[in-house]
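Each remark here refers to the structure printed beneath this line.
The values are calculated or read from the model by the stated rules, or taken from the named source; none is laboratory data. Owing to the predicted nature of the structure, the values given are computational and were not obtained by experimental measurement. Glycine also receives a Cβ, built like all others from the backbone with ideal geometry; neighbour counts cover every protein chain displayed. Calculation scope for accessible area: heavy atoms of the full protein, side chains included, ligands and nucleic acids excluded. Shrake-Rupley method; radii C 1.70, N 1.55, O 1.52, S 1.80 Å.
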Amino acid sequence: SSGINAESQDPDGRLKWEVDFPEDNSQFVPFLGTEIRMEEGDVSYRFFRKSQKKNITLHYRSHHPLKTKVEVVRNFYRTAEMSSSSPSLKEESFKVVDHLLRSNGYTNPRTFKDTIVRTGTKGTKNSVNLKLPYLSEKVSYEIGRCIQRHNLPIRLIFTPGKKLRSIFCSSRPYDRPECNTTDCRICERLEAGCCVSKCVVYCITCKLCNEKYIGETGRTVRERLLEHLRYASNPTCKSYTDEALAAHYRTNHVNSGPDLTFRILRTEPNIIRRKILESFYINTWKPSINGRDECISVKRFLVT
């Protein structure tokens, strides 16, 4: 048999295997996003949502473009149809989606999914994306019509308004992240801040020559800067060939171990703003360790 041998995979017998059998052949058994029934060799399946999942999705009254809501509804019904093995089971799957959508303000969801949305403009492959905050369907349509009348190569993208979490302040504004790692390799090299901070623009200084490198990350400072330490510690490793710190130590400090200090320049949760800040510092400080191609690709954020 080509199947997996349980004993070879778990020689110590520590894994507990669970098999779910229905009480009778007419019952369905949950499997991922479906329910499956096997009856006399035939497999039947239908759309399924776990009871732990709350009936929450994009609400009809949410401040999102109509096109977005229509696509959400269509995707639910498309998934339900693809997860059904027969017309009768498809109808049962659709009823699950009906209940979910009605719980979120869609009065006639099956009719709503066929709504034709007037966009007022159609982009082409040469169009430039223009992001605007979504105000209303009427305003969006008029902007699109204006672009179409003047034959502008613009593809409109409307973004939803601010979320409550971006408006309210933190319930614990004075809490500060703390590193609980003993002898942390990053904290001892960090001039200020904490290695568990996230969404930062940072500067690395090579103490052997005082040259600098500027980067950004959405992960923790510790995760990203440990990667840079590995690059500088193993500059001749083939998988690190294109990494800036590896190239710097391979060219300038062949027989020297990494002697680096780190500094957090700015904290910015928004990735676009963080990229812009990174490109600003690169353009202003002109760090020599950053590769030429990297500088060019990052600086485009100052233009776009």
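General remarks:
- Residue that is at pLDDT 90 or above, open to solvent by less than 50 Å² (accessible area, probe 1.4 Å), touching a Cys at 6+ places or on another chain (Cβ under 8 Å) and assigned to a helix (DSSP H, G or I), where the choices are 213, 281: 281
- Taking each residue of the range 263-292 that is over 21 Å from residue 159 (Cβ atoms) and looking for partners that are open to solvent by 30 Å² or more (accessible area, probe 1.4 Å) and of a type in the set (Gly, Ala, Ser) with beta-carbon atoms closer than 6 Å, six or more apart or interchain, yields 264/193.
- Filter result (in contact with a Leu (Cβ under 6 Å, 6 or more places away or on another chain) and among the hydrophobic types (A, V, I, L, M, F, W, C)) within the range 246-285: 262
- Condition broken by residue 52, with the remaining ones in (1) among the polar types (S, T, N, Q); (2) at pLDDT 85 or above; (3) under 30 Å from residue 162 (Cβ atoms) satisfied: (2)
- Of everything listed in (1) under 22 Å from residue 177 (Cα atoms); (2) open to solvent by 30 Å² or more (accessible area, probe 1.4 Å); (3) at pLDDT below 90, the single unmet condition for residue 223 is (3).
- Looking only at residues in the range 45-78 that are polar (S, T, N, Q) and open to solvent by 40 Å² or more (accessible area, probe 1.4 Å), the one that is nearest to residue 26 (Cα to Cα) is 51.
- Unmet requirement for residue 227, which otherwise passes all of (1) under 22 Å from the mean Cα position of the chain (by Cα); (2) touching a residue at least 40 places away in the same chain (Cβ under 8 Å): (2)
- Some residue of the range 96-107 being among the aromatic types (Phe, Trp, Tyr) and free of Cβ contacts under 8 Å to residues at least 40 places away in the same chain: no
A quick yes/no check of all residues on (1) among the aromatic types (Phe, Trp, Tyr); (2) in contact with a Ser or Thr (Cβ under 7 Å, 6 or more places away or on another chain); (3) more than 26 Å from residue 284 (Cβ to Cβ):
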{"residue": "169", "(1), (2), (3)": "no, no, yes"}
{"residue": "193", "(1), (2), (3)": "no, no, no"}
{"residue": "207", "(1), (2), (3)": "no, yes, no"}
{"residue": "210", "(1), (2), (3)": "no, no, no"}
{"residue": "218", "(1), (2), (3)": "no, no, no"}
{"residue": "227", "(1), (2), (3)": "no, no, no"}
{"residue": "234", "(1), (2), (3)": "no, no, yes"}
{"residue": "266", "(1), (2), (3)": "no, no, no"}
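- Residue 108 under 30 Å from residue 157 (Cβ atoms), open to solvent by 50 Å² or more (accessible area, probe 1.4 Å) and either at pLDDT 95 or above or among the polar types (S, T, N, Q) (or both): yes
- Residue in the range 244-254 that is surrounded by the most Cβ atoms within 10 Å (Cβ to Cβ), counting only those that are at pLDDT 90 or above and not polar (S, T, N, Q): 249
- Flag for residue 186 being under 21 Å from residue 257 (Cβ atoms) and of a type outside the set (Gly, Ala, Ser): yes
- Scan of the range 147-167 for residues that are over 20 Å from residue 64 (Cα atoms) and free of Cβ contacts under 8 Å to residues at least 12 places away in the same chain, ordered by number: 149, 150, 151, 152
Matching residues to (1) open to solvent by 70 Å² or more (accessible area, probe 1.4 Å); (2) in a loop (DSSP other than H, G, I, E, B); (3) modelled with pLDDT of 90 or more:
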position: 156; (1), (2), (3): no, no, no
position: 161; (1), (2), (3): no, yes, no
position: 165; (1), (2), (3): yes, no, no
position: 183; (1), (2), (3): yes, yes, no
position: 188; (1), (2), (3): yes, no, no
position: 199; (1), (2), (3): no, no, yes
position: 219; (1), (2), (3): yes, no, yes
position: 230; (1), (2), (3): yes, no, yes
position: 239; (1), (2), (3): yes, no, no
